[in-house]
Amino acid sequence: MNTLVEFGGQDRHYQLKQAVLIYQETVSSAAAATIHAVELSGQNARPTILPGQPITVRALESLIQSLGRGAKGGFFPPNLISLALDGMVWWCPATRRRIWFKPSNDLDAKRLKALNGKVVHHPPLLFKVEESHLNVFALAKNQRPTPDTRLYCAPYWNLSAGHMCNGNLTLPPVAPENLPAFEAAFFNSAFTHSSDGTLTSFPGGHTALWEHLATRKAAPDARFWTAHLRRTNETISQLLK
């Protein structure tokens, strides 16, 4: 059996060294994997898959690096909560910054256009990016959340169950150093339409909330956000799962 393989027409030849076996449950999508050394023996170098062991993170990193994608370490900013190969979760403290609206055919269009570009108080937020999808949730307390922290609906347009409608927005690659770029993409976008029903319990609704946050001097505390943000049924640990 030929164990020398040529990929992509390049002047490189590869010899079989290891095998990864993937096991999947018959009634679900749950999977497990083992990694095995391969022994070549006999005149024809017939490969034999040797006993293996459950694949580890270290083995995965080694495999990823050998396939040409580095799994390098680096500085993790303090607001980063979770990092995977294709996703990140981080939190953004409450802040005052501008908000942008570009409403279309909305009853409050005139009021929202008056708010366009105003500096307002924003609640603490939790961001989750996975591949090219950005999700945004609100937090009540302005402190680094824990796994048991309750998530709230972020009181912004263009969100559906936390998922942001990107429109023509291009998101940066998933990397810790790009957290500011993701936040800029969100905060600098113009909110155009409501897509998630009731966003807040504030008297007068979504528009009245941002009018209040534009004129309020003192930063809202946890009691304000708890009273006026709509709770979800998720905690951060549930979101990470």
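Taken together, the values in this text are just the output of simple stated rules run on the coordinates, not laboratory data. Owing to the predicted nature of the structure, the values given are computational and were not obtained by experimental measurement. Note that each Cβ is placed from the backbone with ideal geometry, even for glycine, and that neighbours are counted across all protein chains shown.
Out of ALA222, LEU151, SER195, whose Cα points farthest toward the positive end of the dipole of the chain (charges: +1 Lys, Arg; -1 Asp, Glu; placed on Cβ)?
It is ALA222.
By counting other Cβ atoms within 10 Å of each Cβ, how are ASP221, ASP148 ranked from fewest to most?
ASP148, ASP221
How much net charge surrounds PRO145 when only the other residues with a Cβ under 13 Å from the Cβ of PRO145 are counted, with Lys and Arg +1 and Asp and Glu -1?
The answer is +2.
In this model, which of LYS141/LYS217; LYS128/LYS241; LYS118/LYS141 are farther than 21 Å apart at the alpha-carbon?
LYS118/LYS141
Would you please put 226-233, 77-84 in order of how densely packed they are, using the mean number of other Cβ atoms within 10 angstrom per residue and starting with the highest?
226-233, 77-84
For LEU50, what charge total do you get from the other residues with a beta carbon under 14 Å from its beta carbon, if Lys and Arg give +1 and Asp and Glu give -1?
Value of the local net charge: +1.
With label points built 7 Å along Cα→Cβ from the Cα atoms of ALA181 and ALA32, find their separation and express it in nm.
That separation, rounded to one decimal, is 3.9 nm.
Take every Cα pair under 8 Å in the chain that's 6+ residues apart, average their separations, divide by the length, and report that relative contact order as a whole percent.
About 15 percent, as a whole number.
With +1 assigned to the C-beta of every Lys and Arg and -1 to the C-beta of every Asp and Glu, and no other charges, what is the dipole magnitude of the chain about the Cα centre in debye, to the nearest 20?
1060 debye
Can you find, among LEU240, ALA94, ALA184, the residue sitting farthest towards the positive end of the charge dipole of the chain, where Lys and Arg contribute +1 and Asp and Glu -1 at Cβ?
ALA94
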